[in-house]
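Chemist: Here it is: the structure, laid out below.
The values are calculated or read from the model by the stated rules, or taken from the named source; none is laboratory data. This is a predicted model, so every value here is computed, not measured. Virtual Cβ from ideal backbone geometry, glycine too; neighbours counted across all protein chains shown.
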Amino acid sequence: MNETCKNLLTTLGIAGASYTEGTLPVHSPIDGARIGLVQEASAAAMHVAVGCALQAQQEWRHLPAPRRGELVRLFGAELRAHKSELAALVAIEAGKVTSEGLGEVQEMIDICDFAVGLSRQLHGLTIASERPGHRMMEQWLPLGVVGIISAFNFPVAVWAWNAALALVCGNSCVWKPSEKTPLTALATQALFERAVAKFGSAPAHLSQVLNGGAALGEAMADDARVALVSATGSTRMGRAVGPRVAARFGRCLLELGGNNAIIVAPSADLDLALRGILFGAYGTAGQRCTTTRRVIIHASIHAELLARLERARASLLVGNPLEAGALIGPLIDGAAFAAMESALAAAREQGGEVHGGGRALAQAYPQAWYARPALAVMPAQTAVVKQETFAPILYVLKYQSLEEAIALQNDVPQGLSSAIFTNDLREAEIFMAAGGSDCGIANVNIGTSGAEIGGAFGGEKETGGGRESGSDAWRAYMRRTTNTINYSRDLPLAQGVRFDV
Ligand code: UN1
């Protein structure tokens, strides 16, 4: 695999030294082999990078937005041309199965397309003025340097959601990827630089990547020249970053943990529900922030659906994600496996009946951490169910009334994604209404994961409140000015105030 990885990196335009001469080791979760050694940036390097980014932004902001969109269009073209290579690298470095690696790069392409269109919009309002001969309007102007902190599980797509919007909005970007996935970040940066070369007139340092650990993220969070820090990852990371940025009155866009549930109502199409639950719970080895961690099943269908779920779970193929047929790849590392094991032990202690779990493929891959998907039938929503464990564990709960199901669904600290399977229109509407799901995403008859980029993505409570990707999420990357323009020959004061001199 090392050879495959080297060939991919070469094709993607990465020089040997940048992944062989460093101090940060990179391992593939597929077999645990070391696939690289990358340079780690210091806090001082972050300081220099932010300075360069600021300079770049001061030039970039003057380009008309549709021209900025042209760079993002060229970047999208690079991604299209190198989709399979970048996807293969995602598979090797993050352990995703092939179709999910391809899907991740497709998300990058989609957000580029979206951002290109947006670059001809970025519109404000005109607002009625109370004063004669006056006009009021709003403008959205470039914000500054955007810092992006991303996680291992979507090592490149989440950066792209942020960077594509940030760039068309007239900003520069500094990226601190997960220290577990620096190679895909370097490859993405190389593709971006190809687009910059084709574009011809972009300032240097429009987008930079700095590899390293938490200290680097903290240096970014503390730097007052970074206007917006967009951070995706655990709630723990958000707690470290958010208050630091707030302390200097910077802007934060947080996309943190989820504890997403699917409610299955008596009228549900159980075939659809089964498919939605299986992909949601076990796809990406349970390592999406949108992963379905809980299923809340109506008592009348609980036994039937549980039996079908359990049969399907036991038949899911855990395997090397590069091999055809594998649906569930490895966990990212041993710590992730240990967290899964301890959650399952807690589930048992808390009265749960646990199926599956435990290590898989230990003989074939002794240095990797494959886990058998688990299902835990819980007597109640106990403490362990309320935690986000980033692993393929599905907790099964039972309900009698929709009110009870919604209360259970909302009674967790996180608020990212949620879904109901029902053919009852009233139930679906109640679930999406004010007293329904408290999440940023509330779906009907599809699962909790796999959102399209056209919608705003993010959630409430411990999920952090930020919205990325589609809809009007672009506004987070711009500053709003309100302009009142007087074209009369008088100067009337607002609110009828008199100040005659
Ligand atoms: C994440 O896991 O951080 O909705 C993002 C989804 C994907 C994005 C997940 N489009 O599952």
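Chemist: Test of understanding: among 408, 397, which residue is farther than 25 Å from residue 100 by Cβ and assigned to a strand (DSSP E or B)?
Modeler: So the residue among 408, 397 that is farther than 25 Å from residue 100 by Cβ and assigned to a strand (DSSP E or B) is 397.
Chemist: Now for a different question. How many residues are out of contact with any Pro (no Cβ under 7 Å at 6 or more places or on another chain) and crowded, with 17+ Cβ neighbours inside 10 Å when one looks only at the range 46-56?
Modeler: Qualifying residue count, the range 46-56: 6.
Chemist: OK, next. Six or more apart or on different chains, Cβ atoms under 7 Å: show the pairs whose first residue is in the range 358-381 and among the polar types (S, T, N, Q) and whose second is surrounded by 17 or more Cβ atoms within 10 Å (Cβ to Cβ).
Modeler: 367/31; 381/397; 381/408
Chemist: Tally time: how many residues in the range 230-241 are buried (at least 22 other Cβ atoms within 10 Å of the Cβ) and either of a type outside the set (A, V, I, L, M) or more than 16 Å from the ligand (Cβ to nearest atom) (or both)?
Modeler: Number of matching residues: 4.
Chemist: Out of 93, 104, I need the residue that is touching a residue at least 40 places away in the same chain (Cβ under 8 Å) and either surrounded by fewer than 24 Cβ atoms within 10 Å (Cβ to Cβ) or within 15 Å of the ligand (Cβ to nearest atom) (or both). Which one?
Modeler: Within the list 93, 104, the selection yields 104.
Chemist: If we keep just the residues of the range 15-44 that are part of a loop (DSSP other than H, G, I, E, B) and among the β-branched types (Val, Ile, Thr), which is surrounded by the most Cβ atoms within 10 Å (Cβ to Cβ)?
Modeler: 30
Chemist: Inside the range 20-63, can you point out the residues that are within 25 Å of the chain's Cα centre (by Cα) and either among the aromatic types (Phe, Trp, Tyr) or farther than 22 Å from residue 148 by Cα (or both)?
Modeler: 27, 28, 29, 30, 32, 35, 36
Chemist: Sticking with this structure for a sec: Quick one: residue 257 ticks every box in (1) within 16 Å of the ligand (Cβ to nearest atom); (2) in contact (Cβ under 8 Å) with a residue 40 or more places away in the chain; (3) surrounded by fewer than 22 Cβ atoms within 10 Å (Cβ to Cβ) except a single one, so which number is it?
Modeler: Going through the list (1) within 16 Å of the ligand (Cβ to nearest atom); (2) in contact (Cβ under 8 Å) with a residue 40 or more places away in the chain; (3) surrounded by fewer than 22 Cβ atoms within 10 Å (Cβ to Cβ), residue 257 breaks only (3).
Chemist: Moving on to the next point. So, residue 345, is that one farther than 20 Å from residue 410 by Cα and either within 26 Å of the chain's Cα centre (by Cα) or more than 16 Å from the ligand (Cβ to nearest atom) (or both) or not?
Modeler: Yes.
Chemist: Are there any pairs, at least 6 apart or on different chains, whose C-beta atoms fall under 6 Å, with the first in the range 284-312 and on the phi > 0 side of the Ramachandran plot and outside the structural domain of residue 234 (by TED's automatic domain parsing) and the second in a loop (DSSP other than H, G, I, E, B) and within 16 Å of the ligand (Cβ to nearest atom), and if so, which?
Modeler: Note: pairs meeting the criteria are 285/329; 285/331; 285/392; 286/391; 286/392.
Chemist: Of the residues that make up the range 327-334, is at least one part of a helix (DSSP H, G or I) and either polar (S, T, N, Q) or at pLDDT below 95 (or both)?
Modeler: No, every residue in the range 327-334 fails to be part of a helix (DSSP H, G or I) and either polar (S, T, N, Q) or at pLDDT below 95 (or both).
Chemist: Something else now. Could you check the range 58-67 and list, in sequence order, the residues that are part of a helix (DSSP H, G or I) and under 16 Å from residue 479 (Cβ atoms)?
Modeler: 58, 60, 65
Chemist: Kindly provide the set of residues from the range 163-182 that are more than 13 Å from the ligand (Cβ to nearest atom) and among the small types (Gly, Ala, Ser), ordered by number.
Modeler: Scanning the range 163-182 gives 163, 164, 166, 170, 172.
Chemist: State the number of residues belonging to the range 166-183 that are in a helix (DSSP H, G or I) and either hydroxyl-bearing (Ser, Thr, Tyr) or in contact with a helix residue (DSSP H, G or I) (Cβ under 7 Å, 6 or more places away or on another chain) (or both).
Modeler: Residues in the range 166-183 being in a helix (DSSP H, G or I) and either hydroxyl-bearing (Ser, Thr, Tyr) or in contact with a helix residue (DSSP H, G or I) (Cβ under 7 Å, 6 or more places away or on another chain) (or both): 4 in total.
Chemist: Restricting the range 125-162 to residues that are of a type in the set (Phe, Trp, Tyr) and within 12 Å of the ligand (Cβ to nearest atom), which is surrounded by the most Cβ atoms within 10 Å (Cβ to Cβ)?
Modeler: Filtering first and then ranking leaves 159.
This table checks each residue for (1) closer than 26 Å to residue 170 by Cβ; (2) not acidic (Asp, Glu).
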residue	(1), (2)
4	no, yes
16	no, yes
31	no, no
63	yes, yes
68	yes, yes
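Chemist: Being over 24 Å from residue 98 (Cβ atoms), outside any helix (DSSP H, G or I) and within 16 Å of the ligand (Cβ to nearest atom) is true for just one of 293, 288. Which residue is that?
Modeler: Just one listed residue meets the conditions, 293.
Chemist: Scan the range 402-449 for residues that are over 24 Å from the mean Cα position of the chain (by Cα) and within 14 Å of the ligand (Cβ to nearest atom) and report the count.
Modeler: 0
Chemist: Does the range 455-481 hold any residues that are near the ligand (Cβ under 10 Å from one of its atoms) and hydroxyl-bearing (Ser, Thr, Tyr), and which are they?
Modeler: 469
Chemist: Still on this structure, please answer the following. Is it fair to say residue 452 is surrounded by 20 or more Cβ atoms within 10 Å (Cβ to Cβ) and either within 16 Å of the ligand (Cβ to nearest atom) or at pLDDT 95 or above (or both)?
Modeler: Considered against the rule, which asks whether it is surrounded by 20 or more Cβ atoms within 10 Å (Cβ to Cβ) and either within 16 Å of the ligand (Cβ to nearest atom) or at pLDDT 95 or above (or both), residue 452 comes out as no.
Chemist: When residues of the range 264-285 are filtered for being crowded, with 17+ Cβ neighbours inside 10 Å and either small (Gly, Ala, Ser) or within 16 Å of the ligand (Cβ to nearest atom) (or both), how many remain?
Modeler: 13
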